[in-house]
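**Student:** Attaching a single structure in structure tokens format; questions to follow.
The values are calculated or read from the model by the stated rules, or taken from the named source; none is laboratory data. All of these numbers come straight from a predicted model, not from anything done at the bench. Note that each Cβ is placed from the backbone with ideal geometry, even for glycine, and that neighbours are counted across all protein chains shown.
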Amino acid sequence: MKQADLTDVSVSEDAQKNTITLSGKVHSEDAKLDAARVAQAAAGDRLIVNEISVQPVGTESRRRMWPRMAMMQLKRTTKQH
């Protein structure tokens, strides 16, 4: 998955279940669909399981900061009581 927006996508194969599973994250629904198309083109008769999550650009830093901000707010709240 070395295409432009698919570098954070992982591919795993389960021969017993005849499946190829896509996981990771991309920045758009189009990129998620592109990953599935690329995988299906190479998969032959195997089933593609697309577990890729869509994380729009700019949300990464907010998600990483949220726990820290929540802890700071919690500390402020507990100090007031």
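**Student:** Name the residues in segment 1-35 that are aliphatic (A, V, I, L, M) and surrounded by fewer than 16 Cβ atoms within 10 Å (Cβ to Cβ), would you?
**Tutor:** Once the filter is applied, which keeps residues that are aliphatic (A, V, I, L, M) and surrounded by fewer than 16 Cβ atoms within 10 Å (Cβ to Cβ), segment 1-35 yields ALA4, ALA15, LEU33.
**Student:** So which of ALA41, ALA70, ALA31 ends up being aliphatic (A, V, I, L, M), part of a helix (DSSP H, G or I) and at pLDDT below 90?
**Tutor:** So the residue among ALA41, ALA70, ALA31 that is aliphatic (A, V, I, L, M), part of a helix (DSSP H, G or I) and at pLDDT below 90 is ALA70.
**Student:** Still on this structure, please answer the following. Restricting to segment 44-67, and then to whatever is modelled with pLDDT of 85 or more and β-branched (Val, Ile, Thr), can you tell me which residue is surrounded by the most Cβ atoms within 10 Å (Cβ to Cβ)?
**Tutor:** ILE52
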